[in-house]
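Asker: Can you read through this structure? Questions will come right after.
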Amino acid sequence: MSVITVTSQELADMSGEERALLINSLPGYKTGMLVGTCDTHDQTNLAIISSHFHLGSNPPLLAMILRPNTGKSERHTLGNILDTRSWTLNGFTLDRAARAHQTSAPYPKTQSEFDACGFEKEWLPAFAAPFVKDAPLQIGCVLREHHPLTINGTHMVIGEVQRLHYPAAARRLDGALALDVMGLVAIAGLDTYTQPDEGLRLAPANTDTASAAL
Ligand SMILES: Cc1cc2nc3c(=O)[nH]c(=O)nc-3n(C[C@H](O)[C@H](O)[C@H](O)COP(=O)(O)O)c2cc1C
């Protein structure tokens with residue numbers, strides 16, 4: 001098998017687009033989420049984001065990395081989160097992947113991706129941001145910390161999970177969620193959408209015995 005070696009100099013010499021596509025592939029598969037927000041005038045916004053990560057369970061924290069506004073493009077999700085301190089994360093199934101992908105187009109602030117891309121809004125009591133109706137997994141977050149990152153101008157936003165909605169059938173006896181039962185899509189890079197199956201589950205590893213399949 002022939003192997004390609006890429007040096008830091010070759011990375012630096014690549015076109016911006018080629019480097020972005022290559023480096024975006026490296027973190028691997030992540031659950032794709034549609035991030036629902038609104039501004040202080042109830043103008044809604046929906047954007048596909050894949051940079052979510054788990055920061056801790058007590059308190060329950062999820063974080064994501066958002067790109068900054070540039071001269072060429074505005075970032076409505078970031079602005080709305082800083083204004084209202086609330087957002088929703090909404091998983092989606094493969095049959096909705098093309099519409100979910102479409103939310104990454106640079107729609108003007110006055111045009112909601114909910115309407116432009118064919119997603120219905122769902123407002124739930126006492127929560128300031130819109131959910132995607134019929135999303136198999138809905139998560140409501142409130143802003144706990146916001147860190148502009150000096151290394152490249154991106155922003156890390158840290159949210160505390162305030163509410164969760166998922167089908168009862170997806171809840172395992174140990175409390176975890178079976179993502180495959182919900183049919184959640186995973187994303188690789190900026191263009192590949194796939195639906196993982198149940199995979200292989202292993203008992204917690206310890207030093208005395210080999211890991212056993214559950
Ligand atoms: C598969 C995929 C994953 C993306 N993940 C992110 C991400 O993690 N962070 C980010 O800032 N933008 C991400 N984007 C780009 C945003 O979806 C895009 O910039 C969008 O226009 C932002 O919308 P907004 O201006 O309404 O917030 C992703 C795009 C795609 C297609």
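Derivation of every value follows stated rules applied to the coordinates shown; laboratory data play no part. Please read these numbers as outputs of a predicted model, since none were measured by experiment. So basically every Cβ, Gly included, is an ideal-geometry build from the backbone, and we count neighbours across all protein chains shown.
A quick yes/no check of all residues on (1) on the phi < 0 side of the Ramachandran plot; (2) out of contact with any helix residue (DSSP H, G or I) (no Cβ under 9 Å at 6 or more places or on another chain):
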| residue | (1), (2) |
| --- | --- |
| Glu145 | yes, yes |
| Gly153 | no, yes |
| Glu160 | yes, yes |
| Gly175 | no, yes |
| Ala178 | yes, no |
| Gly183 | no, no |
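Asker: Six or more apart or on different chains, Cβ atoms under 8 Å: show the pairs whose first residue is in region 147-163 and within 28 Å of Phe131 (Cβ to Cβ) and whose second is away from the ligand (no atom under 16 Å from the Cβ) and not in a strand (DSSP E or B).
Answerer: Partner pairs satisfying both residue conditions: Glu160/Pro59; Gln162/Phe127; Arg163/Leu124; Arg163/Phe127.
Asker: Please enumerate the residues belonging to region 83-102 that are buried (at least 21 other Cβ atoms within 10 Å of the Cβ), of a type outside the set (Phe, Trp, Tyr) and within 13 Å of the ligand (Cβ to nearest atom).
Answerer: Across region 83-102, the qualifying residues are Leu89, Ala100.
Asker: Also, quick follow-up: List the helices (runs of 4 or more DSSP H) inside region 1-111, counting only whole elements, that have at least 1 residues being without any contact (Cβ under 8 Å) to a residue 60 or more places away in the chain and of a type in the set (Lys, Arg).
Answerer: 16-25, 97-102
Asker: Go through region 153-199 and report how many residues are among the polar types (S, T, N, Q), in a loop (DSSP other than H, G, I, E, B) and under 21 Å from Leu62 (Cβ atoms).
Answerer: 1
Asker: From the set of residues in region 60-82 that are within 16 Å of Gly36 (Cβ to Cβ) and more than 7 Å from the ligand (Cβ to nearest atom), which is nearest to the chain's Cα centre (by Cα)?
Answerer: Leu62
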